[in-house]
Amino acid sequence: MFDKILIANRGEIACRIIRTAQCLGIGTVAVYSDADAAARHVAMADEAYRLGPAAAGESYLRAELILDAARRSGADAIHPGYGFLSENAAFAEACGAAGISFIGPPVAAITAMGSKSAAKKIMEQAGVPLVPGYHEEDQDDARLAQEAEKTGYPLLIKASAGGGGKGMRVVRAAEEFAAALAAAKREAANAFGDDRVLLERYLTKPRHVEIQVFGDSRGSVLHLFERDCSIQRRHQKVLEEAPAPGMNPELREKMGQAAVAAAQAIGYTGAGTVEFLLDEDGSFYFMEMNTRLQVEHPVTEMITGIDLVEWQLRVAAGEALPCRQADLAISGHAFEARIYAEDPNRDFLPSIGTLRHLRSPAENVHVRIDTGVRQGDAVSMHYDPMIAKLIVWDTDRPAALRRLRQALAEYQVVGVTTNLSFLGAVAAHEAFAQGDLDTSFIERYRDALLPEAGPASDQVLALACLDVLLRRGEEARAQACASADPYSPWHSASGWRLNCDNHQLLTFMDAEDLVSLTAHFRTGGYLLDLPGGSLPVRGELTSTGDLIADLGGKRLRATVVRHGMDLTIMAQGAVHRLVLQDPYAHAGEQEEVGGTLTAPMPGKVVAVMVESGAQVKKGTPLMILEAMKMEHTISAPTDGRIAELMFSVGALVAEGSQLLAFDAEEV
Ligand code: MV4
């Protein structure tokens, strides 16, 4: 077994790997960029080495810097985690050449699975089922048209060099084929520098079901059952579970054996995942094989009781697989929810900021949190904006789903916008509860999953008022105690008025709307004049800053996080933000909202499609920003003229930076 391993990654997966290594008594070496100097994974490791600036291309993707850290630390193995260099054959090879074990599959296996079309050929020869279609070298248009007829419609044209859904086109009838083929080839050439395509029968309601496989250096390969990852958005997994709902033992056995055959076909060792499309009739087809540990591996660990990272370390150190296929069994059901700093109501745009308040559910045998961040950390634009993976387990799917709903409701994040409400909506959806999953689930139920944000409810307003008034009372008492005249009426916060009932007016900004409420002081509490009528309320602040409230006889616990005048009210799984208005503040100057187009998030200018002085139509793409692998196109808000370009390609811009001056055309 290794004495010391270097984890060539960051965030939750780095922390997760360090946790297992430390349990095994293995020394741990972290590497970090300047943005991660104070990150959790650095603090957890026994030692840590700086790689370079924040940009991944200057740090976590720099193989030579990582190898140098391994040499300096005396690490005898490197774990790549996922993403970054985890499926980079050259890096795996360089590790071997440096005499450092690469905790992953052989270089040849990484290479073989690197090309989607080459992988399909290998799988076809291994007897692994492929979607009926055509994926040969002959790319002549006439041959492709002929093969399209054989495949039948609807069919998919896929870029051979593509993946993750890029370069896919659905063709529903023969007369559309020629134009679709030409467009698909152009797109593939532009995106991948390779215009080869393959054809497949189009599955209209498939599920994404993947099989965890594991091989050792003695030729043994086994599978650890399936995961259903159909809940995806733009080919990014959102919610995963194991086992797959509705799976029967026979199909599980067939898919497991196909996955084992796929791994054996390439002499696979280590942890791998074979992804299948599962059709409604129970047919399944090879999609691709991932030669790394997957993000969603914890759900497999929860239902099998196996630590897959421990297996990775043992197998990479030359040990045999710790058990045989017959020793493995499924126990219970697990879900994983990926909690992200992103705004579902702004097309899941990443949300950058500081985690001012971060409170996760208590961990136990039913709840596991894999995270790389702590309260106070920043979510930056340099990396994937994952906050944590919430993993739950129970004895069956309904029980596990209840755990998931409860844990999501308890998860509190303030300082960035998150997808927690969206995840809660998926978990609450009846179709999800029924296990009626497929890759179009989010699109199909989009309205229910992404409802327009409504105004604050009376309950939210009452909790906000209570929090403000109780804190004011605490502050007044503290000031009175600290003053020379603690009983001075000036220290009263009772809202007392001469010849008038004690009351205070509270005004909040709720999104774009101002809401004003009167709080009448009453013995032991308040009478609030809310939009829905008057409500007697009382409450107390706990030592942890929570609010125990009684709203007209309904008692509940809430958390109200204050940041300046910002209030984030969290209660019963719902989150709402309000901004308390200072009654004495001067009305801010209405900023001249000229024709300035500003950056919606920090990022890098990757394309400028216009020149200064150009006349453009409404909607014309002007500039493209990139942050965390996502692109955001800045388009012309109306017809008009580009008055000035503030940035050129390659520039790094902060959120809110003016990107260009734009003269809107008078309509
Ligand atoms: C398909 C398909 C339907 N029919 N192939 C998307 C990315 C890549 N992993 C393969 N993908 C698909 N291939 C045929 N013949 C539907 C998808 C697909 C999908 C697959 C898995 C998970 C999410 C998906 C989302 C959209 C489309």
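Would you confirm, using the coordinates I've provided, whether Val367 is touching a Leu at 6+ places or on another chain (Cβ under 6 Å), farther than 15 Å from Tyr340 by Cα and either in the same structural domain as Arg19 (by TED's automatic domain parsing) or crowded, with 17+ Cβ neighbours inside 10 Å (or both)?
no
In this structure, is Glu301 touching a helix residue (DSSP H, G or I) at 6+ places or on another chain (Cβ under 7 Å), within 29 Å of Val373 (Cα to Cα), surrounded by fewer than 19 Cβ atoms within 10 Å (Cβ to Cβ) and of a type outside the set (Ser, Thr, Tyr)? Against the criterion (touching a helix residue (DSSP H, G or I) at 6+ places or on another chain (Cβ under 7 Å), within 29 Å of Val373 (Cα to Cα), surrounded by fewer than 19 Cβ atoms within 10 Å (Cβ to Cβ) and of a type outside the set (Ser, Thr, Tyr)), Glu301 does not qualify.
Residue count for segment 230-272, restricted to those that are within 16 Å of the ligand (Cβ to nearest atom), buried (at least 17 other Cβ atoms within 10 Å of the Cβ) and of a type in the set (S, T, N, Q): 2. Annotation note: Cβ proximity below 6 Å between a residue of segment 122-136 that is of a type in the set (Phe, Trp, Tyr) and a residue that is within 15 Å of the ligand (Cβ to nearest atom) (sequence gap 6+ or interchain) occurs for Tyr134/Glu147; Tyr134/Leu199. The set of residues in segment 425-443 being more than 16 Å from the ligand (Cβ to nearest atom) and either part of a strand (DSSP E or B) or surrounded by fewer than 21 Cβ atoms within 10 Å (Cβ to Cβ) (or both) consists of Ala425, Ala428, His429, Glu430, Ala431, Ala433, Gln434, Gly435.
Of all the listed residues (Ala484, Ala478, Ala462), the sole one being more than 27 Å from the chain's Cα centre (by Cα), farther than 30 Å from Asp228 by Cα and outside any helix (DSSP H, G or I) is Ala484. Exactly one condition in (1) within 16 Å of the ligand (Cβ to nearest atom); (2) assigned to a strand (DSSP E or B) is not met by Gly164; state its number. That leaves (2) as the condition not met. Taking residues in segment 15-28 that are part of a helix (DSSP H, G or I), and partners anywhere that are among the polar types (S, T, N, Q) and buried (at least 24 other Cβ atoms within 10 Å of the Cβ), the pairs with Cβ atoms closer than 6 Å and at least 6 places apart or on different chains are Ile18/Thr28; Ala21/Thr28. For Glu210, the conditions (1) crowded, with 20+ Cβ neighbours inside 10 Å; (2) away from the ligand (no atom under 16 Å from the Cβ) are fulfilled apart from (2).
Going by what's in this entry, would Arg227 be described as surrounded by 20 or more Cβ atoms within 10 Å (Cβ to Cβ), in contact (Cβ under 8 Å) with a residue 12 or more places away in the chain and not acidic (Asp, Glu)? When the stated conditions are applied, Arg227 passes them. Glu47 meets each of the listed conditions (1) buried (at least 22 other Cβ atoms within 10 Å of the Cβ); (2) within 16 Å of Asp3 (Cβ to Cβ) apart from (1). One residue stands out among those in segment 450-492 that are at pLDDT 95 or above and in contact with a helix residue (DSSP H, G or I) (Cβ under 8 Å, 6 or more places away or on another chain): the one that is surrounded by the most Cβ atoms within 10 Å (Cβ to Cβ), which is Ala456.
Filter segment 340-384 for residues that are in a loop (DSSP other than H, G, I, E, B) and over 17 Å from Gln412 (Cβ atoms) and give the result.
Within segment 340-384, Asp347, Phe348, Ile352, Asn364, Val365, His366, Gly372, Ser380, Met381, His382, Tyr383, Asp384 qualify.
With the condition kept exactly as written, say whether any residue in segment 427-449 is touching a strand residue (DSSP E or B) at 6+ places or on another chain (Cβ under 8 Å), free of Cβ contacts under 8 Å to residues at least 24 places away in the same chain and either acidic (Asp, Glu) or not assigned by TED's automatic domain parsing to the domain that holds Tyr82 (or both). No, there is no match, as no residue in segment 427-449 is touching a strand residue (DSSP E or B) at 6+ places or on another chain (Cβ under 8 Å), free of Cβ contacts under 8 Å to residues at least 24 places away in the same chain and either acidic (Asp, Glu) or not assigned by TED's automatic domain parsing to the domain that holds Tyr82 (or both).
Of the candidates Ala178, Ala173, Ala159, the single residue that is within 16 Å of the ligand (Cβ to nearest atom), among the small types (Gly, Ala, Ser) and within 38 Å of the chain's Cα centre (by Cα) is Ala159. Kindly evaluate Gly219 against the criterion of being farther than 28 Å from Glu342 by Cα, at pLDDT 95 or above, surrounded by fewer than 19 Cβ atoms within 10 Å (Cβ to Cβ) and more than 9 Å from the ligand (Cβ to nearest atom). Answer is yes for this residue.
Applying the set (1) within 12 Å of the ligand (Cβ to nearest atom); (2) buried (at least 21 other Cβ atoms within 10 Å of the Cβ); (3) not in a helix (DSSP H, G or I) to Lys120 leaves exactly one unmet item: (3).
In the set Arg359, Arg374, Arg397, which member is in contact with a strand residue (DSSP E or B) (Cβ under 9 Å, 6 or more places away or on another chain) and under 22 Å from Pro243 (Cβ atoms)? So the residue among Arg359, Arg374, Arg397 that is in contact with a strand residue (DSSP E or B) (Cβ under 9 Å, 6 or more places away or on another chain) and under 22 Å from Pro243 (Cβ atoms) is Arg397. Flag not set for Asp447, criterion: at pLDDT 95 or above, in a helix (DSSP H, G or I) and in contact with a Lys or Arg (Cβ under 8 Å, 6 or more places away or on another chain).
Looking at segment 33-92 only, could you name the residues that are aromatic (Phe, Trp, Tyr) and not in a strand (DSSP E or B)?
Once the filter is applied, which keeps residues that are aromatic (Phe, Trp, Tyr) and not in a strand (DSSP E or B), segment 33-92 yields Tyr60, Tyr82, Phe84, Phe91.
Pairs needed: first member in segment 234-249, on the phi > 0 side of the Ramachandran plot; second member anywhere, within 12 Å of the ligand (Cβ to nearest atom); C-beta distance under 7 Å; at least 6 residues apart or different chains. Partner pairs satisfying both residue conditions: His235/Gly164; His235/Gly165. Criterion applied to Gly96, Gly127 was being in contact with a Phe, Trp or Tyr (Cβ under 8 Å, 6 or more places away or on another chain) and surrounded by fewer than 14 Cβ atoms within 10 Å (Cβ to Cβ), and the one residue passing it is Gly96.
The values are calculated or read from the model by the stated rules, or taken from the named source; none is laboratory data. The structure presented is a predicted model; accordingly, all values stated were derived computationally and were not measured. Every residue, glycine among them, receives a Cβ derived from its backbone with ideal geometry; neighbour counts consider all protein chains shown.
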